[in-house]
Amino acid sequence: MSGSVVPKESAEPNLTPLLDIVFQLITFFMLVINFASDNYDQRVHLPDAGSARPVEDVDRVMEDRLVLNIDHNGNLLTGNDVHPYNEAVKEIKHQAALVKLNLKVSGVKLDVAANGLPTTIILRADKDVVFSSILSLIKACQNEGFRKFALKAMMRG
């Protein structure tokens with residue numbers, strides 16, 4: 001008859017802290033991932049420019065941006081939708097209303113008539129689009145209070 005006075009102890013690791021850390025890491029990386037590339041439509045072929053330079057990262061995190069993709073016919077592209085000029089103007093009005101609502105909810109006091117909206121419009125226009133189409137969309141944006149614009153181009157090289 002064999003017996004032991006000391007009970008057998010099993011060593012089972014506590015996985016709760018490990019799972020907690022893994023979950024927090026996953027959550028962190030999901031929050032900091034850059035979803036900005038979703039705004040860049042592959043149907044738009046940007047023009048080449050020798051003076052094109054990368055966007056500086058100063059205040060990039062805090063800056064509000066709206067990317068407008070314009071195809072070779074001058075239509076606004078959003079997702080899988082193609083908006084001719086009249087629908088594009090409605091979309092720009094809708095985006096301006098969202099920016100104004102966001103400013104109101106966050107408590108920012110801004111005189112839109114004097115200062116314009118703080119959002120920068122990033123124009124990604126196809127290299128074959130007629131400039132008058134771009135200009136008409138810029139004017140529609142200005143009518144809604146947008147004052148900051150940036151044009152995208154590919155660097156030669």
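The values are calculated or read from the model by the stated rules, or taken from the named source; none is laboratory data. The model shown is predicted, which means the values in this text are computed figures rather than measured ones. Remember, those area values only see protein heavy atoms, side chains included, never the ligands or the DNA or RNA. Shrake-Rupley method; radii C 1.70, N 1.55, O 1.52, S 1.80 Å.
Under a cut-off of 24 Å between alpha-carbon atoms, report the lysines in cross-link reach of Lys152, not counting same-chain residues fewer than 8 places apart. Within reach: Lys90, Lys93, Lys127, Lys139. Leaving out same-chain residues fewer than 8 places away, which lysines sit with a Cα under 18 Å from that of Lys109? Partners within reach: Lys100.
Ordered from highest to lowest accessible area with the whole protein assembly present and a 1.4 Å probe, Arg147, Arg124, Arg65 read as Arg147, Arg65, Arg124. Rounded to the nearest 10 Å², what accessible area does Lys100 show when all protein chains are kept and the probe is 1.4 Å? Its heavy atoms expose roughly 90 Å² to the probe. Computed 3J(HN,Hα) for the stretch 123-132, one whole-Hz value per residue from the Karplus formula 6.51 cos²θ - 1.76 cosθ + 1.60 where θ = phi - 60°, is 9, 10, 9, 4, 5, 9, 6, 6, 4, 4, glycine and proline marked x.
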